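So the structure is just underneath, and the comments pick up after that.
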Amino acid sequence: MLAPLLIMLREGLEAALVVAIIATYLKRTGRAAWIGAIWVGVLFAIALSLFVGAGLQALHAEFPQRAQEGFEAAVALIAVGVLVWMVFWMRNAARSIRATLETNVDAAFAAQGPGQGTVWALIAMSFLAVAREGLESVFFLLAIFQQAPGPEAPLAALMGILVSILLGWGIYAGGLRLNLRLFFRASGLFILFVAAGLFSAALRSLHEAGLWNLLLSPAWDLSQSLPLSSVTGAVLSALFGYHESPSVGEVLAWALFLACTLPLFLRPAPIAKPQEA
């Protein structure tokens, strides 16, 4: 399944980039002995993400059927917000992320001096970076697993994480050069379509929970030509939230979401003005 693989690759690569930038800068400035503090923050962040994911999954299992549909709609809407925030945050921050992180490292050493305070500052930097990506991933994976039960989605997500770790290590070791601007732009465009499918599916879950009863007439019925049980239908459903007989409201939600987000994402990025001396 391409959607969980690509999104976890992107999420993992964002976290790996932050860790690699901090570790590389510490190594380049003769502070390699402090790299261990970064891994402590990474491990704490992974533990937090796993704890939150397990807690939400256990909470979902306790709900009655109708409440489960409402919970699934809420998770899908949170996942949509997280995905949109992730795409636009990286679009705006990609140019300055390295300089910002290196400045923060220097500030930690300047403010605290090499000591216990610096250790906690480095732990916090790596923890916040990885925890942000981890918690974002939790909501996305819960939403996608609810729509695509079975082992394929978890395995694809795990593959994306493993590839991102390898890429991050390659960047840190210095032997790998990626066109990150092109990668984040192409993956961001794809993720917006995934988010549109989740937004449409959230509307369907709200209807099944009895919370949405408007625009329910079928927009079309492709159950004979492109059913969800077919390979193509299953792939389209997993990637873009395809449904063989969507309601008018679901189609409008999908179209309006893309009409609002795509122009903002595709507009040219503002050119940074040179600082005056």
If you check every pair at least six apart or on different chains, which have Cβ atoms under 9 Å apart with a residue in region 202-227 that is in a loop (DSSP other than H, G, I, E, B) first and a residue that is loosely packed, with under 15 Cβ neighbours inside 10 Å and among the charged types (D, E, K, R) second?
A209/R66; G210/R66
Test result for L176, modelled with pLDDT of 80 or more and of a type in the set (A, V, I, L, M, F, W, C)
no
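Can you tell me which residue among S200, S229, S217, S223 is more than 19 Å from L141 (Cα to Cα), modelled with pLDDT of 85 or more and of a type outside the set (F, W, Y)?
S217
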Only residues that are out of contact with any Gly (no Cβ under 7 Å at 6 or more places or on another chain), loosely packed, with under 13 Cβ neighbours inside 10 Å and either closer than 28 Å to F190 by Cα or touching a residue at least 12 places away in the same chain (Cβ under 8 Å) (or both): list them for region 46-88, please.
L50, A54, L59, A67, W85
When F193 is evaluated against the numbered criteria (1) modelled with pLDDT under 85; (2) aromatic (F, W, Y); (3) buried (at least 16 other Cβ atoms within 10 Å of the Cβ), which criterion, by number, is the only one it fails?
(1)
Per the filter on region 34-90, residues among the charged types (D, E, K, R) and in contact with a helix residue (DSSP H, G or I) (Cβ under 7 Å, 6 or more places away or on another chain) are E69, E72
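For (1) at pLDDT 85 or above; (2) closer than 14 Å to L26 by Cα; (3) polar (S, T, N, Q), each residue gets a yes or a no:
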{"position": "R95", "(1), (2), (3)": "no, no, no"}
{"position": "L128", "(1), (2), (3)": "yes, no, no"}
{"position": "P151", "(1), (2), (3)": "no, no, no"}
{"position": "Y172", "(1), (2), (3)": "no, yes, no"}
Restricting the first residue to region 1-28 and requiring it to be touching a residue at least 12 places away in the same chain (Cβ under 8 Å), which pairs with a second residue that is part of a helix (DSSP H, G or I) and of a type in the set (K, R) meet a Cβ separation below 7 Å and a spacing of at least six or different chains?
I21/R98
Is it the case that L43 is free of Cβ contacts under 8 Å to residues at least 12 places away in the same chain and either outside any loop (DSSP other than H, G, I, E, B) or surrounded by 21 or more Cβ atoms within 10 Å (Cβ to Cβ) (or both)?
yes
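The values are calculated or read from the model by the stated rules, or taken from the named source; none is laboratory data. Please read all numbers here as calculations on a predicted model, not as lab measurements. All Cβ positions, glycine included, derive from the backbone under ideal geometry; neighbour counts span all protein chains shown.
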